[in-house]
Amino acid sequence: MSTAASLIVLFLVAVVPLAPTEAVLIGAGVLAASGQVPLYLVVLVAAAGCLLSDMINFTAGRRMGMRALDKVNRNAKARSMVVWTADQLATKGETILIAARFLPAGGIVGALLTGALKWPLRRFVPVAALGSALWSLYPATVGYIGGQLVDEAWLAMLLSFGVATLISVPIGMAIRARNANRTLSYAEASS
């Protein structure tokens, strides 16, 4: 696949909610380590795609209110993410919107919630852009380091996925455990 085609695929995957963006981004980081594409370009393209996805989700949240989270809120794992993110947005605002992006489905939930909570666009966009850039840097760098450590692309990908999993799974489990018995009153959150 050519460099341009790889970047187009990366952008499109980053735009689609729940697509395997992290996996594709790790692979692009491995490609960058082999010199096939510059790492900064991988991060920029992924960040642009993630930002566009955030804008779409923000708009859906703005138009649909808390109903936008109904589909997300159907299982316990997603519900705990919604509860945690809503609680944190109320007290920590911008900082938590950036941090939530690093959790499974956190970027989607954060964008939907901030839209539903009627954040002004001028407040949301800079924070979403920074969060998208920082998050894109993380898996791309993990893939790049894996590609630098191991010459075989498949082994570099495997190593990189292992490291990413070791980082993200315990965090997600801790949040789910903390919020297992909590519920979110959407009526209160939207007022």
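The values are calculated or read from the model by the stated rules, or taken from the named source; none is laboratory data. Keep in mind it's a predicted model, so treat the numbers as computed, not measured. Using ideal geometry, Cβ is built from the backbone for each residue, glycine included, and neighbour counts are taken over all protein chains shown. Side chains included, ligands, DNA and RNA excluded: accessible areas come from the protein's heavy atoms. Shrake-Rupley method; radii C 1.70, N 1.55, O 1.52, S 1.80 Å.
State the extension gain, in nm to one decimal, for the chain segment bounded by Arg67 and Val125, taking 0.36 nm per residue of separation less the distance between their alpha-carbons. All intermediate terms of the calculation are to be shown ahead of the outcome.
Details: separation 58, 0.36 × 58 = 20.88 nm, distance 2.19 nm.
Full-extension gain reported as 18.7 nm.
So what is the accessible area of the stretch 1-92 per residue, in Å², with the probe set to 1.4 Å? Before the final figure, lay out the partial values.
Working: 4570 Å² over 92 residues.
Heavy-atom SASA per residue in the stretch 1-92 reads 50 Å².
Compute and list, largest first, the equivalent-ellipsoid semi-axes of the stretch 3-66 from the alpha carbon gyration tensor, each √(5λ) rounded to a whole angstrom. Don't jump to the answer; show the numbers that get you there.
Details: eigenvalues 143, 19, 13 Å².
Semi-axes from the Cα gyration tensor: 27, 10, 8 Å.
As an exercise, use a Förster radius of 35 Å and the Cβ-Cβ distance of Leu18 and Asp151 to find the FRET efficiency, rounded to the nearest 0.05.
Plugging the Cβ-Cβ distance into 1/(1 + (r/R0)^6) gives 0.60.
Considering only DSSP states other than H, G, I, E and B, which trypsin sites (Lys or Arg not before Pro) in the stretch 7-79 qualify as loop sites with at most 16 other Cβ atoms within 10 Å? Spell out each step's value before the answer.
Numbers: sites: Arg62, Arg63, Arg67, Lys71, Arg74, Lys77, Arg79; in loops: Lys71.
Those that pass, being in a loop and sparsely packed, are Lys71.
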